Each structure stands twice: as structure tokens, then as C-alpha cells.
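Step one of this worksheet: look at the structure below.
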Amino acid sequence: MNRCAVCNRAVFFASRIADGKTFCSNYCFTYSEMPGFCRECTAATTDVSPGNTLIGGLFGSMMDGFADRCATCHSIVQRKRPLLFGIPLPRGLTYRVIYTNHITYVGRQLKD
């Protein structure tokens with residue numbers, strides 16, 4: 001059993017690993033002492049925010065994935081996927097995201 005490098009919670013299924021450390025959530029995975037996005041991540045993105053995600057009935061949206069963690073600001077790349085009948089569709093826009101707690105985040109859309 002591993003422990004989260006940020007909050008020390010037990011991690012049973014280590015899906016988020018970086019620099020030999022295990023993280024329990026996207027919040028801990030993107031946690032950094034640095035406020036906001038680094039210069040490189042800001043330059044690679046636009047000011048367009050992903051907005052909120054919402055699941056209502058059979059439709060909504062969700063943030064998916066946790067790729068390409070920045071070594072400086074710890075932001076990650078996620079795709080905002082629309083949901084149809086509760087199933088995520090393959091399309092969606094890609095954003096660089098930092099979680100501000102376990103459910104909220106700030107993000108910037110990646111440039112093409």
C-alpha cells in the first residue's frame with residue numbers, strides 16, 4: 001500500500017504517479033506551492049476556460065484524463081468530454097488544468 005505524497009492518505013490503486021511519488025487525486029497530483037500556471041504552460045494555452053462540468057439526468061460534461069504533468073506548476077492536460085446518456089463522447093476540447101480543491105479547478109484551453 002502506498003501513501004499520497006501530498007496528503008498521506010492510503011492509495012490502493014496507484015494511477016497517478018510522477019517523479020516516483022504516488023498521488024490520491026487530481027487535487028494532490030496538481031498541488032504546487034506555485035500560484036497558478038507557469039510561464040511555459042501559459043504560453044502553450046489560451047485564456048479560454050473549460051467552465052464548469054455538470055451532470056444532469058442523462059446529459060452533461062466531465063473532465064477526463066490526467067496526462068502531461070508540468071514539472072514546474074504541476075498542471076495536467078485533461079479533455080472536457082460531453083456526456084450523452086451518461087456515456088462520455090470521444091470528442092471534446094483539451095485544457096491544461098490545476099485543481100484548487102478536490103472538485104473545483106482552473107483551466108486554460110490548449111492552443112492547436
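The values are calculated or read from the model by the stated rules, or taken from the named source; none is laboratory data. Everything quoted here is computed from the prediction, not taken from an experiment. Methodologically, a virtual Cβ is constructed for each residue, glycine included, from the backbone with ideal geometry; neighbour enumeration extends over all protein chains shown.
When you look at HIS74, is it in contact with a helix residue (DSSP H, G or I) (Cβ under 7 Å, 6 or more places away or on another chain) and on the phi > 0 side of the Ramachandran plot, yes or no?
Working: in contact with a helix residue (DSSP H, G or I) (Cβ under 7 Å, 6 or more places away or on another chain): yes; on the phi > 0 side of the Ramachandran plot: yes.
For HIS74, the condition - in contact with a helix residue (DSSP H, G or I) (Cβ under 7 Å, 6 or more places away or on another chain) and on the phi > 0 side of the Ramachandran plot - is met.
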Single residue of segment 71-96 satisfying the filter (of a type in the set (A, V, I, L, M) and either under 10 Å from the mean Cα position of the chain (by Cα) or not in a strand (DSSP E or B) (or both)) that is farthest from GLU40 (Cα to Cα): LEU89
Residues of segment 98-112 satisfying the condition of being over 14 Å from ALA43 (Cα atoms) and part of a strand (DSSP E or B): ILE98, TYR99, TYR105, VAL106
Candidate set from segment 9-46 (those that are modelled with pLDDT of 95 or more and in a loop (DSSP other than H, G, I, E, B)); member that is nearest to ASN101 (Cα to Cα): PHE37
Test: ILE55 is over 12 Å from the mean Cα position of the chain (by Cα) and either closer than 27 Å to VAL6 by Cα or surrounded by fewer than 16 Cβ atoms within 10 Å (Cβ to Cβ) (or both): yes
Where a residue in segment 8-32 is touching a residue at least 24 places away in the same chain (Cβ under 8 Å) and its partner, wherever it lies, is in a helix (DSSP H, G or I), with Cβ under 8 Å and at least six apart: ARG16/ASN26; ARG16/CYS28; ARG16/PHE29; ALA18/PHE29
Identity of the residue in segment 24-52, among the hydroxyl-bearing types (Ser, Thr, Tyr) and within 28 Å of ARG3 (Cβ to Cβ), that ends up surrounded by the fewest Cβ atoms within 10 Å (Cβ to Cβ): SER32
Given (1) among the charged types (D, E, K, R); (2) farther than 16 Å from ARG69 by Cα; (3) surrounded by 14 or more Cβ atoms within 10 Å (Cβ to Cβ), number of the condition ARG16 does not satisfy: (2)
